[in-house]
Amino acid sequence: MVKLTIDGKEVVAREGQTVLEAAREAGIFIPALCYHHEVKPYAACRLCMVEVTRGKRTRFVTSCDYKVAEGMVVRTDTEKVQKCRRMVLELLMARCPNLPQLQELAQILGVDRVRFPEGDDDCILCGLCVRTCAEVVGLHALGYESRGFHRRVTTPFDEPSEECILCGACSYVCPVEVVPVVEEDGYRVMERWHKKSRLVACTKCGKFFMTEDELKFLQEKTGLPEERLKVCADCR
Ligand code: FES
């Protein structure tokens with residue numbers, strides 16, 4: 001166990017935990033858009049910045065990928081930290097001016113104007129979709145294209161990815177909900193990734209519950225016969 005102080009509160013964290021995880025468990029709010037406990041931290045959004053003092057040294061770190069240490073003193077709401085977060089949020093809002101999730105955060109953090117030229121993107125480049133596809137699903141259907149201002153997440157060559165099974169995991173983790181999944185006329189559609197797959201019905205209740213691509217993927221992965229996989233979780 002590791003003892004540290006966060007905002008004056010004594011916190012006992014587990015070895016290997018990040019400052020963000022320890023703070024959350026202690027009920028202390030730190031904004032974090034690119035963090036998800038199921039994937040490795042990537043520290044892309046920079047919103048989780050905190051001030052950390054170890055010994056005589058104080059520095060700013062991203063709390064989602066900074067590990068707790070014995071005796072560490074963390075401050076999550078100093079004026080410098082708040083200023084830094086507001087600047088980061090302003091930059092995100094300039095890139096994506098129409099995201100309600102950012103506007104909500106702006107109210108919490110006290111951002112009332114954006115001083116940078118506005119773009120018209122809707123992706124904050126947190127990379128959660130890319131990392132979830134790779135680390136959780138075990139596929140590489142998504143990746144980054146270009147650099148700097150033009151950087152974006154897309155499928156290889158902007159074409160429907162052969163690897164994508166339309167499982168919807170990327171949609172589930174997207175913190176700004178810009179990867180919608182639609183199910184209509186027996187198909188699951190993810191327009192953002194130019195992908196459509198026929199839905200498979202449960203052989204017991206008849207409810208659509210997975211795509212043909214998911215079924216094929218599971219068959220290859222588990223070696224189980226099709227009839228065993230074509231039963232939904234409720235009927236299993
Ligand atoms: S949550 Fe830490 S940088 Fe995004």
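Of VAL52, LEU215, VAL178, which is farthest on the positive side of the dipole of the chain, counting Cα position, with +1 on Lys and Arg Cβ, -1 on Asp and Glu Cβ, and the Cα centre as origin?
Positive-end residue among those listed: VAL52.
Mind jotting down the three principal axis lengths of segment 185-236 based on Cα atoms? Whole angstrom, largest first.
32, 24, 13
Suppose every K and R has +1 on its Cβ and every D and E has -1 on its Cβ; what is the size of the dipole of segment 2-109 about the Cα centre, in Debye to the nearest 20?
Details: 17 positive and 13 negative charges, 88 e Å.
It works out to roughly 420 debye.
Just to confirm, what accessible area per residue do you get for segment 49-148 at 1.4 Å probe, in whole Å²?
Numbers: 5440 Å² over 100 residues.
Using a 1.4 Å probe on heavy atoms only, each residue of segment 49-148 averages 54 Å².
Straight-line reach from LYS9: which aspartates and glutamates have a Cα under 19 Å away, not including same-chain ones fewer than 8 places off?
Candidates past the 8-residue exclusion: GLU21, GLU25, GLU51, GLU70, ASP77, GLU79.
Loop only per DSSP, at most 13 neighbouring Cβ atoms within 10 Å: give me the trypsin sites (Lys or Arg not before Pro) in segment 19-76, ordered by residue number. Write down the numbers at each step before the final one.
On the way: sites: ARG24, ARG46, ARG54, LYS56, ARG57, ARG59, LYS67, ARG75; in loops: ARG46, LYS56.
Sparse-neighbourhood loop trypsin sites (Lys or Arg not before Pro): LYS56.
Given the C-alpha centroids of segment 32-86 and segment 119-153, what is the distance between them in whole angstrom?
23 Å
Considering the options HIS140, LEU224, HIS150, tell which one lies farthest towards the positive end of the dipole of segment 128-229, charges being +1 on Lys and Arg and -1 on Asp and Glu at the Cβ, about the Cα centre.
Towards the positive end, the residue furthest out is HIS150.
Please get the size of the charge dipole for the chain, origin at its Cα centre, with Cβ charges of +1 on Lys and Arg and -1 on Asp and Glu, quoted in debye to the nearest 20. If you can, show how the numbers build up before the last one.
Values: 35 positive and 36 negative charges, 209 e Å.
Around 1000 debye, computed over the chain.
Can you find, among THR203, LEU166, VAL114, the residue farthest towards the positive end of the dipole of segment 74-213? Put +1 on the C-beta of Lys and Arg, -1 on that of Asp and Glu.
Final value for the positive-end residue is VAL114.
Would you compute, from DSSP H runs of 4+ residues alone, the mean residue ellipticity of the chain at 222 nm, taking -39500 (n - 2.57) per run and dividing by the full residue count, rounded to the nearest 500?
-6500 deg cm²/dmol
Dipole size in debye (nearest 20) for segment 128-229 around its Cα centre, Lys and Arg Cβ +1, Asp and Glu Cβ -1? All intermediate terms of the calculation are to be shown ahead of the outcome.
Working: 14 positive and 17 negative charges, 52 e Å.
Computed about the Cα centre, the dipole is about 260 debye.
Between CYS84, CYS48, CYS129, where does the largest GNM mean-square fluctuation fall for the chain, given springs only between Cα atoms within less than 10 Å?
Taking springs between Cα atoms under 10 Å, the residue moving most is CYS84.
Quick one: which of 139-146, 87-94 comes out on top by average Cβ neighbours within 10 Å, and what's the full order, highest first?
Values: 139-146: 15.6, 87-94: 19.4.
Descending packing order for the listed peptides: 87-94, 139-146.
Which log10 I(q)/I(0) values, to two decimals, does the chain give at q = 0.08 Å⁻¹ under the Debye formula with one point per Cα?
For the chain at q = 0.08 Å⁻¹, log10 I(q)/I(0) is -0.40.
Given segment 2-109 reduced to its alpha-carbon atoms as identical point scatterers, what log10 I(q)/I(0) does the Debye formula return at q = 0.09, 0.15, 0.24 Å⁻¹?
Per q value, in the given order, log10 I(q)/I(0) is -0.22, -0.61, -1.37.
Where does the charge balance sit around GLN219 when Lys and Arg score +1, Asp and Glu -1, over other residues with C-beta under 13 Å from its C-beta?
Numbers: positive: LYS216, LYS221, ARG228, LYS230; negative: GLU212, ASP213, GLU214, GLU220, GLU226, GLU227.
Once positives and negatives cancel, what remains is -2.
Shape call for segment 37-165 from the C-alpha gyration tensor, a ≥ b ≥ c root eigenvalues: rounded (a/c under 1.5), prolate (a/b greater than b/c) or oblate?
Since a/c reaches 1.5 but b/c is at least a/b, the shape of segment 37-165 is classed as oblate.
I need to check one value: relative contact order of the chain, counting alpha carbon pairs closer than 8 Å and at least 6 residues apart, in percent.
Details: 416 pairs, mean separation 29.9, N = 236.
Once divided by the residue count of the chain, the mean separation gives 13 percent.
Report, to two decimal places, the Cα Rg of segment 128-229 normalised by 2.2 N^0.38 Å (N = number of residues).
Details: Rg = 14.5 Å, N = 102, 2.2 N^0.38 = 12.8 Å.
For segment 128-229, the normalised Cα radius of gyration comes out at 1.14.
The values are calculated or read from the model by the stated rules, or taken from the named source; none is laboratory data. All of these numbers come straight from a predicted model, not from anything done at the bench. Please note: Cβ atoms are built from the backbone with ideal geometry, for glycine as well, and neighbour counts cover all protein chains shown. Ligands, DNA and RNA are excluded from the accessible area calculation, which covers all protein heavy atoms including side chains. Shrake-Rupley method; radii C 1.70, N 1.55, O 1.52, S 1.80 Å.
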